[in-house]
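As structure tokens, the structure follows; a few thoughts come after it.
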């Protein structure tokens, strides 16, 4: 299979990024400073991530809102044009999360639906009855994140820096139309910027000149894990519902029918058979996805994501566990024959108000 490349592919290679396959794309895993340095740059200052591998499906027209309401779990009527919303696309048979999505409500009848890297075609297929166009190839998306993200971004575009949390705005930057949303995937403040593909390099360069550090997918993953954010294919995916993932707040039960509502309602009434929990290990060795979690030798579930936390200096993990497991319990993780002692903790592991 031929891997797709970001409009910023040449720039990443010039920066000696380590390029890896991800969701059908070839994207930067890390730059010369390495993942931990990039992670800390985002937690302590500001970093920019190329997230052009995310899809953009433009949905427009008089019936767009109704089609999105019937397809996704959340209720767009809770927001309005100029806002963004997190939502799920469910399997109608068993309420598994086929994808988790951010919707940017750009104009009264215009929406940019942002699926995960490999799920764009699936999302387009689910929006039958709407004018849905895959415009991924026409733009790049840059995520500027960190406690100093807005201050440094304001040197490049005060308008972009002023777009608030979960707000969406179209702005002019040096004669180029940008769509900016106050969204991200790091647990830090910041924005995501959609820029026409042929203007992505000048914007990237301007961001780096403003003191914003480049960061790759490795740091993006450790950041989202510290923030307790799910990754599709790990905490969400086949057999995993929003209720099991602890994301019931993304479901609007009273908005009317939507894909997967009936099996999800049945699960709510019966009670989920497992729940997503956070695990903090005693040492630096990180748990890894797929490792079994036990209590006194009895299996309780499986690690879905695990890594080393650069902020905490310890191993952290998300795991789908039996529903009776409580915070504060001491459990064991089978790390390839070595037992890691872990405590069940509240997530996020690291929060912005730390």
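The values are calculated or read from the model by the stated rules, or taken from the named source; none is laboratory data. Note that the structure is a prediction, hence the values are computed from the model and not measured. Here the Cβ positions follow ideal geometry from the backbone for every residue, glycine too, while neighbour counts run over all protein chains shown.
Observations on the model:
- Residue in the range 262-275 that is nearest to residue 316 (Cα to Cα), counting only those that are in contact (Cβ under 8 Å) with a residue 60 or more places away in the chain and touching a strand residue (DSSP E or B) at 6+ places or on another chain (Cβ under 9 Å): 264
- Condition met for residue 257 (in contact with a helix residue (DSSP H, G or I) (Cβ under 7 Å, 6 or more places away or on another chain) and at pLDDT 95 or above): yes
- Selected residue (criterion: nearest to the chain's Cα centre (by Cα)) from residues of the range 1-43 that are surrounded by fewer than 15 Cβ atoms within 10 Å (Cβ to Cβ), outside any loop (DSSP other than H, G, I, E, B) and free of Cβ contacts under 8 Å to residues at least 12 places away in the same chain: 13
- Subset of the range 171-192 (residues that are surrounded by fewer than 16 Cβ atoms within 10 Å (Cβ to Cβ) and closer than 21 Å to residue 58 by Cα): 172, 176, 177
- Close pairs (6 angstrom Cβ cut-off, 6 or more residues apart or separate chains): outside the structural domain of residue 304 (by TED's automatic domain parsing) in the range 246-261, assigned to a helix (DSSP H, G or I) and crowded, with 17+ Cβ neighbours inside 10 Å anywhere: 258/70; 259/71
- Any chance residue 75 is surrounded by fewer than 16 Cβ atoms within 10 Å (Cβ to Cβ), in contact (Cβ under 8 Å) with a residue 12 or more places away in the chain, touching a helix residue (DSSP H, G or I) at 6+ places or on another chain (Cβ under 8 Å) and not assigned by TED's automatic domain parsing to the domain that holds residue 188: no
- Checking the stated criteria, residue 85 turns out to be more than 30 Å from residue 208 (Cβ to Cβ), part of a strand (DSSP E or B), in contact with a helix residue (DSSP H, G or I) (Cβ under 9 Å, 6 or more places away or on another chain) and not assigned by TED's automatic domain parsing to the domain that holds residue 156.
- Number of the exception - residue 133 against (1) more than 18 Å from the chain's Cα centre (by Cα); (2) buried (at least 16 other Cβ atoms within 10 Å of the Cβ); (3) assigned to a strand (DSSP E or B): (2)
- Residue match in the range 1-8 (condition: closer than 19 Å to residue 134 by Cα and modelled with pLDDT under 95): yes
- Annotation note: of 243, 264, the sole residue that is at pLDDT 95 or above and part of a helix (DSSP H, G or I) is 264.
- Within the set 238, 272, the sole residue that is within 25 Å of residue 103 (Cβ to Cβ) and either at pLDDT 95 or above or in the same structural domain as residue 8 (by TED's automatic domain parsing) (or both) turns out to be 238.
- Filter result (under 20 Å from residue 180 (Cβ atoms), out of contact with any helix residue (DSSP H, G or I) (no Cβ under 8 Å at 6 or more places or on another chain) and part of a strand (DSSP E or B)) within the range 44-72: 58, 60
- The single condition from (1) outside any helix (DSSP H, G or I); (2) surrounded by 21 or more Cβ atoms within 10 Å (Cβ to Cβ) that residue 123 fails is (1).
- Those helices (runs of 4 or more DSSP H) of the range 143-228 in which at least 1 residues are at pLDDT 95 or above, under 20 Å from the mean Cα position of the chain (by Cα) and not assigned by TED's automatic domain parsing to the domain that holds residue 286, considering only elements entirely within it, cover 149-153, 217-226.
- Matching entry among 278, 306, 283, 301 (being at pLDDT below 95 and either touching a strand residue (DSSP E or B) at 6+ places or on another chain (Cβ under 9 Å) or more than 26 Å from residue 99 (Cα to Cα) (or both)): 283
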